[in-house]
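All remarks here apply to the structure that follows.
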Ligand code: PAF
């Protein structure tokens with residue numbers, strides 16, 4: 001496995017791979033890698049001749065300076081994990097390398113990028129599109145792998161790829177959970193032990209709501225989930241939206257769509273740490 005910090009060095013290497021007819025898979029990450037990321041890399045290794053993993057904490061997608069400052073970083077540990085799952089190249093650029101001049105491009109794909117995370121984290125998806133489009137131009141992958149935990153992010157990236165006519169297949173990989181159900185996330189490492197102990201209540205409520213939803217309306221299910229989670233001291237729901245899985249618009253009745261997903265963001269603990277998760281009520 002080779003580690004590159006410069007775009008030109010990575011591109012030289014990929015030029016040779018491409019000339020040899022090799023397919024390139026890209027796994028974009030912000031580091032602090034865990035089994036969720038490992039599963040994306042494993043899938044890319046299976047489906048491509050060469051797998052590139054980018055490790056870059058992208059400042060343009062953070063709307064909170066403290067969140068950016070506190071985001072966990074450990075490139076050595078990341079590389080150790082990536083070796084074990086068969087990544088070929090790690091691309092870990094500096095901010096100056098990725099953004100030699102400020103990126104002034106604006107990306108908006110309403111309503112997909114403006115609801116839920118888009119409404120609560122202004123500029124977040126704009127930053128995601130800035131960095132992901134750059135990575136696509138730099139690496140020119142055949143396929144790129146994203147975790148389903150960030151349900152809305154995948155929809156936004158797909159909308160961007162369509163809008164910019166970028167030739168890449170977006171591969172969605174299933175969410176990976178801890179044994180107690182908590183969705184794996186780099187942010188979990190920031191949870192204090194007492195916060196980590198209450199965090200699984202989020203998924204328990206979501207899972208429990210599948211049964212509840214069988215006999216209750218969308219609005220009742222919404223309120224039930226929010227109540228379950230808010231009743232745990234230390235947890236506070238920022239939003240819970242029950243939406244059509246394609247348009248991401250709110251669903252009023254279960255019959256309104258055949259793809260219904262509940263997307264949630266919860267503040268956990270005193271810091272607090274922002275955790276996201278989702279549950280599928282109906283899937284085509
Ligand atoms: O999901 C993430 O880790 C990031 O948003 C991504 C896709 C690597 C872009 O910085």
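None of the figures in this text is laboratory data; all of them are computed from the coordinates on show. Not measured: the values here are computed from a predicted model. Positions of Cβ are backbone-derived with ideal geometry, glycine not excepted, and every protein chain shown enters the neighbour counts.
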In nm, to one decimal, how far is the modelled label at residue 220 from the one at residue 177, with both set 7 Å along Cα→Cβ? 2.4
The relative contact order of the stretch 161-284, taking Cα pairs under 8 Å that sit 6 or more residues apart, comes to a percentage of 20
According to a simple spin-label model (label point 7 Å from Cα along Cα-to-Cβ), what is the distance in nm between residue 239 and residue 73? 3.0
What's the extension gain from residue 22 to residue 192 if we count 0.36 nm per residue and subtract their Cα-Cα distance? 56.8 nm
Give the order of 76, 103, 223 when sorted by the count of other beta carbons within 10 angstrom, beginning with the fewest. 76, 223, 103
Between the Cα axis of helix 124-139 and the main Cα principal axis of the chain, the angle (0 to 90°, nearest 10) is 30
Residue order, fewest to most surrounding Cβ atoms within 10 angstrom, among 101, 221, 16: 101, 16, 221
I need to check one value: relative contact order of the chain, counting alpha carbon pairs closer than 8 Å and at least 6 residues apart, in percent. 17
Please report, in cubic angstrom per residue, the volume enclosed by the convex hull of the alpha-carbon atoms of the chain. 129
The stretch 1-113: mean projected area of Cα convex hull, nm²: 8.5
Residues in the stretch 133-158, backbone N under 13 Å from the label point at residue 103 (7 Å along the Cα-to-beta-carbon vector): list them, ranges by number please. 133-139, 157
Quick one: angle between helix 201-214 and the longest Cα principal axis of the chain, in degrees between 0 and 90, rounded to 10, please. 60
When only Cα pairs under 8 Å and 6 or more residues apart are kept, what is the percent relative contact order across the stretch 121-207? 25
What is the log10 of I(q)/I(0) for the stretch 137-238, computed with the Debye formula using one identical point scatterer on each Cα and no solvent, at q = 0.13, 0.16, 0.23, 0.24 Å⁻¹? -0.66, -0.86, -1.18, -1.23
To the nearest 0.05, how large is the calculated FRET efficiency for residue 282 and residue 94 if R₀ is 30 Å and r is the Cβ-Cβ distance? 0.10
Once you place label points 7 Å from the Cα toward the Cβ at residue 249 and residue 64, how far apart are they in nm? 3.0
What is the Cα centroid distance between the stretch 167-234 and the stretch 256-284, reported in whole angstrom? 6
